[in-house]
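Presented below is the structure to which this report refers.
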Amino acid sequence: MTKSQIWIAVFIGIFIVLFLINQATEEEKISIAESQIGQNKNQNSEIVKLLEDQNCLACHGQNLEGTSMAPSLQNLKEYWKNEEDLIAYLENPDKFMKEERFIDYKKKYKTIMPPYNNLSKDKLKQIVNYLLSK
């Protein structure tokens, strides 16, 4: 075997080893991503169950798209810039009823948002983070 053939063989060998390492890494990344997706689905299903238990979906719709009874809860980031304000609203909606948006909602939907001060801060935070992510 000539020196050039040896170098070509070494190069091909290194290439094969690097290719196999890359393949193993990609499979691990896919596995981690699938695991994270599964965790997110479980967390989301817990939050959806919490929303069902609190009767949110009865007024706001199964996909939070809004109904004739209550507005959509999608794209709340447009109205709520931080989670603390939204938590404060959920705990005591009456405190916000003088704002123009809520005056319009009251005329349009003729329903009153009930307070959710019976829920722990942790549960309210879970709901708020879920809603702000939609």
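The values are calculated or read from the model by the stated rules, or taken from the named source; none is laboratory data. Everything numeric here is computed off the predicted structure, so don't read it as measured data. With ideal geometry, Cβ positions are generated from the backbone for all residues, glycine too; neighbour counts draw on all protein chains shown.
Regarding the stretch 127-134, can at least one residue be identified that is assigned to a loop (DSSP other than H, G, I, E, B) and closer than 17 Å to Asn44 by Cβ? Yes, because at least one residue in the stretch 127-134 is assigned to a loop (DSSP other than H, G, I, E, B) and closer than 17 Å to Asn44 by Cβ.
When Pro71 is tested against the conditions (1) within 14 Å of Leu131 (Cβ to Cβ); (2) at pLDDT below 90, the lone failure is (2).
Here's the yes/no breakdown for (1) hydroxyl-bearing (Ser, Thr, Tyr); (2) over 25 Å from the mean Cα position of the chain (by Cα):
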{"site": "Lys81", "(1), (2)": "no, no"}
{"site": "Glu84", "(1), (2)": "no, no"}
{"site": "Ile112", "(1), (2)": "no, yes"}
{"site": "Tyr116", "(1), (2)": "yes, no"}
{"site": "Tyr130", "(1), (2)": "yes, no"}
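Taking the criterion of being more than 18 Å from Asn55 (Cβ to Cβ), under 20 Å from the mean Cα position of the chain (by Cα) and assigned to a helix (DSSP H, G or I), would at least one residue in the stretch 96-106 satisfy it? Give the derivation first.
Residues of the stretch 96-106 more than 18 Å from Asn55 (Cβ to Cβ): 96-104, 106.
This time we only want the ones that are under 20 Å from the mean Cα position of the chain (by Cα), so: none.
No, that holds for no residue.
Every condition in (1) of a type outside the set (Ser, Thr, Tyr); (2) modelled with pLDDT under 90; (3) surrounded by 14 or more Cβ atoms within 10 Å (Cβ to Cβ) holds for Glu83 except the one numbered (2). For the stretch 49-87, enumerate the residues that are in a helix (DSSP H, G or I) and under 13 Å from Ile127 (Cβ atoms). Hits for the stretch 49-87 are Lys49, Leu50, Leu51, Glu52, Asp53, Cys56, Leu57, His60, Leu76, Glu83, Leu86, Ile87.
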